[in-house]
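**Student:** Let me begin by handing over the structure; questions about it come next.
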Amino acid sequence: MLDLSMHRLELLNSAQEYAERMRLRRNLLFYAMIAVLLVSFSTFVILRVAAPHMLDLAPVLTISVLICLALPVIIWMQPRAGLYILCFCACLFLQNPSDAHHDPFEVIPFFWNISTIGQFYGKTNALNAFHFNLGECVMLTTFLFWMMRQILLRDVKLTKGTCFWSFVVFIGFCGFAFVRGVTSGGDITMALWEVRALFYFFFAYLMATNLIVTREHALTLLFLIMLGIGAKSIFGTLNYIKNPNVSIEEGVLSHEDSLLMNIIILGSLIFWLAKEEPILKWCFTLFTPLAVATSLANGRRAGIACLILAFPVVLMLCYALLQKRRKALGAFITVFTIAASIYMPIAWNGQGVWALPARAIRSHSSPDERDASSDSYRLAENQNLKLTRDMSPWIGYGYGRPYIEAYYMPGRMDVFKLILPHNGILWMWMRLGHFGFIAFWFFVLSMLVYGAQSLKKVTDMRLVAMGILGLATLLMLLMYGEYDLNFANYRTMWITGTLLGILGVIPVLEKRQNEAKGALSEEKEIAEEFSSVRALPNPDSLF
């Protein structure tokens, strides 16, 4: 009788709890509808009074405001969602406004300064004091909510990952160079343009090492990156189909998209060799032809060059780390060598987009007129960077200060001409000095060496494949940065920092995966033992 009463009480509590949840859901839906109406009405009234010429943008602005209101709620419920959002947006949205009309994502101001949004859309300078963007708001919200949740749960911990302290030292030199440049007469706005992406690089690494706690989280993040870059490859290919005579200077997408396309190409190769994660493998493969077409049509020699240089390194890493797949790797190398031996002689003197890989190699020994002009500009630029570096060789010239133009550099007339050069390696050296430059290379080499060594201890081929892709992306970033400044680009630095963060915790992810499997098998054994005990006959029935 007592057991029946307890059972009824449990049912009553469950029913009351269910009714309470349904009531909260109805209230939440009601308040959400009221919020949507208020935001829509407020946006219309504000535009009607303050900027009537922007009334056509009222629906877009309303949706934007609603997203901004919803993001903190989503990130508070799961801070990892902030990292997912940032990586996906870094693949899609540009750092600066563009009038090229390449794709619909280039007009979404996720990484634009608030001041730039005011100038571009509102034609006003009233917001010029706001030198931050929506992406930075999401970064700050993600970090603060992650810390607050840890404090509330009394579980404050910091996962450092591989080479954390060398990364901290390098970023410390960047911070010192920022202060030195601004206090030595440098322009703070220009200094922020230079140094922002480097701090994004570190922040992305830190967030990835702490928010990616399982293998599934890492795979989800990589899947989102692949989808974002894949979407850009679709629009790049469509742009080329619409305008097959597009000039090399114009391209079909922004310059940094050439580097992102290489992630798709190498990701497809790595996951095919690893023969793991079929969904990722086939999705990478699906986007690979589009990525190749977009990269060729975009016409960036630096993008093609960094892919060519990173390709043999990826093959060596796959040979060393994917030992069970060496036979398949050997077959691939054989087929690729035969295809390359046929392609190179045919494309060596070719002029079309299809011959760009051969031209990127040929331009080092016998450049054409356009490449020779570009090389002459860069040689003069390099000499100017070296002269400026030697003015303060040890502690650096600092950010925000224009470098010296002792050698004339014709053709380029934008405001960043003497701030952001093409050669990112010399730019880094000039800004940081010998000490900071040594710290930079110590971090890079430590990441390459210790990252590869950590992968040798991992048995999960999914994680190994992600680690190889992270190392390949770092190599391509360095190579691309030498020819076409990429260390000041928000998008590529954020994606690379995130992939390095995953690489830094791959051994931890496998350890957690094995612990979870062990706990699951132990629970299964206990359940089987319990079932066998219940299956024993009743002793009373034996008599």
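The values are calculated or read from the model by the stated rules, or taken from the named source; none is laboratory data. Given the structure is predicted, the values throughout are model-derived calculations rather than measurements. So basically every Cβ, Gly included, is an ideal-geometry build from the backbone, and we count neighbours across all protein chains shown.
**Student:** Have a look at Leu317, Leu329 and point out the one that is surrounded by 15 or more Cβ atoms within 10 Å (Cβ to Cβ) and over 25 Å from Ser258 (Cβ atoms). Break it down stepwise before answering.
**Tutor:** Details: Leu317 fails: over 25 Å from Ser258 (Cβ atoms).
The unique qualifying residue is Leu329.
**Student:** Need a quick list: helices (runs of 4 or more DSSP H) entirely within the stretch 99-217 having at least 3 residues that are in the same structural domain as Asn298 (by TED's automatic domain parsing) and modelled with pLDDT of 85 or more.
**Tutor:** Values: elements: 114-117, 134-152, 164-183, 188-211.
Passing ranges, in order: 134-152, 164-183, 188-211.
**Student:** Could you please find all residues in the stretch 174-194 being hydrophobic (A, V, I, L, M, F, W, C), surrounded by 22 or more Cβ atoms within 10 Å (Cβ to Cβ) and either over 20 Å from Gly501 (Cβ atoms) or without any contact (Cβ under 8 Å) to a residue 60 or more places away in the chain (or both)? Lay out the reasoning, then the answer.
**Tutor:** Taking the stretch 174-194 as the starting set, the residues that turn out to be hydrophobic (A, V, I, L, M, F, W, C) are 174, 176-179, 182, 188, 190-193.
Still in the list and also surrounded by 22 or more Cβ atoms within 10 Å (Cβ to Cβ): 174, 177-178, 191.
Selection gives Ala177, Phe178, Ala191.
**Student:** Counting only residues that are touching a Lys or Arg at 6+ places or on another chain (Cβ under 7 Å) and at pLDDT below 90, how many does the stretch 76-90 have?
**Tutor:** Within the stretch 76-90, the first condition is being touching a Lys or Arg at 6+ places or on another chain (Cβ under 7 Å), and the residues that meet it are 79, 90.
Restricting the remaining residues to those that are at pLDDT below 90 gives 79.
Residues that pass the stated criteria total 1.
**Student:** Next question. Filtering the stretch 140-171 down to residues that are over 25 Å from Gly470 (Cβ atoms) and charged (D, E, K, R), which residue is farthest from the chain's Cα centre (by Cα)?
**Tutor:** Ranking the qualifying residues of the stretch 140-171, first place goes to Arg154.
**Student:** Yes or no: the stretch 272-285 includes at least one residue that is assigned by TED's automatic domain parsing to the domain that holds Ser166, of a type in the set (Val, Ile, Thr) and in a helix (DSSP H, G or I). If you could, list the steps in order and put the result at the bottom.
**Tutor:** The initial filter retains those residues of the stretch 272-285 that are assigned by TED's automatic domain parsing to the domain that holds Ser166, namely 272-285.
Pick out the ones that are also of a type in the set (Val, Ile, Thr) and you get 279, 285.
Still in the running and in a helix (DSSP H, G or I): 279, 285.
Yes, because at least one residue in the stretch 272-285 is assigned by TED's automatic domain parsing to the domain that holds Ser166, of a type in the set (Val, Ile, Thr) and in a helix (DSSP H, G or I).
**Student:** Which residue, of Ser254, Ser258, is hydroxyl-bearing (Ser, Thr, Tyr) and either buried (at least 24 other Cβ atoms within 10 Å of the Cβ) or not assigned by TED's automatic domain parsing to the domain that holds Asn489 (or both)? I'd like the intermediate steps shown before the answer.
**Tutor:** Working: Ser254 fails: either buried (at least 24 other Cβ atoms within 10 Å of the Cβ) or not assigned by TED's automatic domain parsing to the domain that holds Asn489 (or both).
Going through Ser254, Ser258 in turn, the sole match is Ser258.
**Student:** With respect to Gly398, is the statement that it is in contact with a Ser or Thr (Cβ under 6 Å, 6 or more places away or on another chain), crowded, with 16+ Cβ neighbours inside 10 Å and not hydroxyl-bearing (Ser, Thr, Tyr) true?
**Tutor:** Numbers: in contact with a Ser or Thr (Cβ under 6 Å, 6 or more places away or on another chain): yes; crowded, with 16+ Cβ neighbours inside 10 Å: yes; not hydroxyl-bearing (Ser, Thr, Tyr): yes.
Spelling it out, Gly398 is indeed in contact with a Ser or Thr (Cβ under 6 Å, 6 or more places away or on another chain), crowded, with 16+ Cβ neighbours inside 10 Å and not hydroxyl-bearing (Ser, Thr, Tyr).
**Student:** Do we have any residue at all in the stretch 410-417 that's surrounded by 14 or more Cβ atoms within 10 Å (Cβ to Cβ), at pLDDT below 80 and not small (Gly, Ala, Ser)? Write out each step before concluding.
**Tutor:** Pass one, the stretch 410-417, residues surrounded by 14 or more Cβ atoms within 10 Å (Cβ to Cβ): 416-417.
Within this subset, residues satisfying the condition of being at pLDDT below 80 are 416-417.
Imposing the further condition that a residue be not small (Gly, Ala, Ser) reduces the set to 416-417.
Among the residues of the stretch 410-417, at least one is surrounded by 14 or more Cβ atoms within 10 Å (Cβ to Cβ), at pLDDT below 80 and not small (Gly, Ala, Ser), which makes the answer yes.
**Student:** Hey, another quick one. What is the one condition in (1) out of contact with any Gly (no Cβ under 6 Å at 6 or more places or on another chain); (2) modelled with pLDDT under 85 that Asn298 does not satisfy?
**Tutor:** The single condition Asn298 does not satisfy is (1).
**Student:** Quick check on Ser254: is it touching a residue at least 12 places away in the same chain (Cβ under 8 Å), in contact with a Ser or Thr (Cβ under 8 Å, 6 or more places away or on another chain) and part of a loop (DSSP other than H, G, I, E, B)? Spell out the reasoning first.
**Tutor:** Working: touching a residue at least 12 places away in the same chain (Cβ under 8 Å): yes; in contact with a Ser or Thr (Cβ under 8 Å, 6 or more places away or on another chain): yes; part of a loop (DSSP other than H, G, I, E, B): yes.
Against the criterion (touching a residue at least 12 places away in the same chain (Cβ under 8 Å), in contact with a Ser or Thr (Cβ under 8 Å, 6 or more places away or on another chain) and part of a loop (DSSP other than H, G, I, E, B)), Ser254 qualifies.
**Student:** Then there's this: Can you name every residue in the stretch 475-512 that is in contact (Cβ under 8 Å) with a residue 60 or more places away in the chain and among the small types (Gly, Ala, Ser)?
**Tutor:** Those that are in contact (Cβ under 8 Å) with a residue 60 or more places away in the chain and among the small types (Gly, Ala, Ser): Ala488, Gly497, Gly501, Gly504.
**Student:** Quick check on my filter: what residues within the stretch 211-232 are under 16 Å from the mean Cα position of the chain (by Cα), surrounded by fewer than 24 Cβ atoms within 10 Å (Cβ to Cβ) and of a type outside the set (A, V, I, L, M, F, W, C)?
**Tutor:** Listed by number, the residues that qualify are His217, Thr220, Gly228, Gly230.
**Student:** Among the listed residues Leu455, Leu500, identify the single one that is at pLDDT 90 or above, surrounded by 21 or more Cβ atoms within 10 Å (Cβ to Cβ) and out of contact with any strand residue (DSSP E or B) (no Cβ under 8 Å at 6 or more places or on another chain). I'd like the intermediate steps shown before the answer.
**Tutor:** Details: Leu455 fails: at pLDDT 90 or above.
Testing whether each residue is at pLDDT 90 or above, surrounded by 21 or more Cβ atoms within 10 Å (Cβ to Cβ) and out of contact with any strand residue (DSSP E or B) (no Cβ under 8 Å at 6 or more places or on another chain) leaves just Leu500.
**Student:** Moving to a separate point now. Among the residues of the stretch 293-311, is any assigned to a loop (DSSP other than H, G, I, E, B) and farther than 15 Å from Phe235 by Cβ?
**Tutor:** From the stretch 293-311, those assigned to a loop (DSSP other than H, G, I, E, B) are 299-300; that's our starting set.
Narrowing the set further to residues that are farther than 15 Å from Phe235 by Cβ leaves 299-300.
Yes, that holds for at least one residue.
**Student:** For Ile248, are the conditions met, namely being assigned by TED's automatic domain parsing to the domain that holds Asp460, surrounded by 21 or more Cβ atoms within 10 Å (Cβ to Cβ) and either modelled with pLDDT of 85 or more or under 28 Å from Ser98 (Cβ atoms) (or both)? Before the answer, list the steps.
**Tutor:** Working: assigned by TED's automatic domain parsing to the domain that holds Asp460: yes; surrounded by 21 or more Cβ atoms within 10 Å (Cβ to Cβ): no; either modelled with pLDDT of 85 or more or under 28 Å from Ser98 (Cβ atoms) (or both): yes.
No.
Conditions (1) assigned to a helix (DSSP H, G or I); (2) surrounded by fewer than 18 Cβ atoms within 10 Å (Cβ to Cβ); (3) hydroxyl-bearing (Ser, Thr, Tyr), marked per residue:
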position: Leu432; (1), (2), (3): yes, no, no
position: Phe443; (1), (2), (3): yes, no, no
position: Gly467; (1), (2), (3): yes, no, no
position: Met479; (1), (2), (3): yes, no, no
position: Thr496; (1), (2), (3): yes, no, yes
position: Asn514; (1), (2), (3): yes, yes, no
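**Student:** Further question: Can you run down the residue pairs with Cβ atoms below 7 Å, 6 or more apart or on separate chains, where the first is in the stretch 323-340 and touching a residue at least 12 places away in the same chain (Cβ under 8 Å) and the partner is exposed (fewer than 10 other Cβ atoms within 10 Å of the Cβ) and not in a helix (DSSP H, G or I)?
**Tutor:** So the pair list comes out empty.
**Student:** OK, next. Restricting attention to the stretch 449-462, does a residue exist that is closer than 26 Å to Leu94 by Cα and either of a type outside the set (Asp, Glu) or out of contact with any Ser or Thr (no Cβ under 8 Å at 6 or more places or on another chain) (or both)? Don't jump to the end; show me each part of the working.
**Tutor:** As a first pass, look at the stretch 449-462 and keep what is closer than 26 Å to Leu94 by Cα: none.
There is no residue in the stretch 449-462 that is closer than 26 Å to Leu94 by Cα and either of a type outside the set (Asp, Glu) or out of contact with any Ser or Thr (no Cβ under 8 Å at 6 or more places or on another chain) (or both).
**Student:** Something else about it: Among the listed residues Asn243, Asn239, which satisfies the condition of being surrounded by fewer than 18 Cβ atoms within 10 Å (Cβ to Cβ) and within 15 Å of Thr294 (Cα to Cα)?
**Tutor:** Asn243
**Student:** Inspect the stretch 274-281 for any residue being within 27 Å of His217 (Cβ to Cβ), at pLDDT 85 or above and surrounded by 20 or more Cβ atoms within 10 Å (Cβ to Cβ) and give the result as yes or no.
**Tutor:** The answer is yes, given that some residue of the stretch 274-281 is within 27 Å of His217 (Cβ to Cβ), at pLDDT 85 or above and surrounded by 20 or more Cβ atoms within 10 Å (Cβ to Cβ).
**Student:** Could you check the stretch 126-170 and list, in sequence order, the residues that are surrounded by 16 or more Cβ atoms within 10 Å (Cβ to Cβ), more than 22 Å from Val505 (Cα to Cα) and hydrophobic (A, V, I, L, M, F, W, C)?
**Tutor:** Leu134, Val138
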